[in-house]
Amino acid sequence: DSLWEDAFAKRLDELNIEWDRPSPIEYTKPNGKIGKYYPDFYIPSLGLYVDPKNPYVEMKQKEKLDIVSKIIKLKIINSKEECRNWNPLEESNLVPSVLR
């Protein structure tokens, strides 16, 4: 695991948020071939996949991320600091009203 992934896992544990390492997500590339996307985290209570990625990697994978984000609810985290401080309760679009 990367340092970012470790920091994010610790953050989720601090918040007592259950998470899993998800199975790959299959998607169809623009050329019609099937690709696989490997998100780092899945938060079952939110139905949310989370993937820490530095901005360069995110830019390089933009096409894939755009396609996959139409299939799954995906949150990209762009810094180690965000991994350490992220709180889903601060993102109203992620949290069901029952949890707010």
Estimated distance in nm for a label pair at Glu81 and Val57, the labels positioned 7 Å out from Cα along Cα-to-Cβ:
1.9 nm
Over the chain, what percent of the accessible surface lies on carbon and sulfur atoms, probe 1.4 Å?
48 percent
For labels at Lys33 and Leu89 in the simple 7 Å Cα→Cβ model, what's the distance in nm?
4.6 nm
Here are several values of log10 I(q)/I(0) by the Debye sum over Cα atoms at q = 0.15, 0.18, 0.22 Å⁻¹: (1) -0.62, -0.88, -1.24; (2) -0.53, -0.78, -1.22; (3) -0.59, -0.79, -1.07. Which one was derived from the coordinates shown?
(1)
Run the numbers on the chain and let me know its relative contact order in percent, using alpha-carbon pairs under 8 Å that are six or more apart.
27 percent
Could you list the trypsin sites (Lys or Arg not before Pro) in the range 26-77 that lie in coil according to DSSP, counting only those with at most 10 other Cβ atoms within 10 Å of their Cβ?
Lys33, Lys70
For Lys80, go through the lysines and keep the ones whose alpha-carbon is under 28 Å away, minus same-chain ones fewer than eight residues off.
Lys10, Lys36, Lys53, Lys60, Lys62, Lys64, Lys70
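The values are calculated or read from the model by the stated rules, or taken from the named source; none is laboratory data. As the structure is a computational prediction, the values presented were derived from the model and not from experiment. In this analysis, Cβ positions are derived from the backbone assuming ideal geometry, glycine residues included, and neighbour counts consider all displayed protein chains. SASA here: full protein model, heavy atoms, side chains in, ligands and nucleic acids out. Shrake-Rupley method; radii C 1.70, N 1.55, O 1.52, S 1.80 Å.
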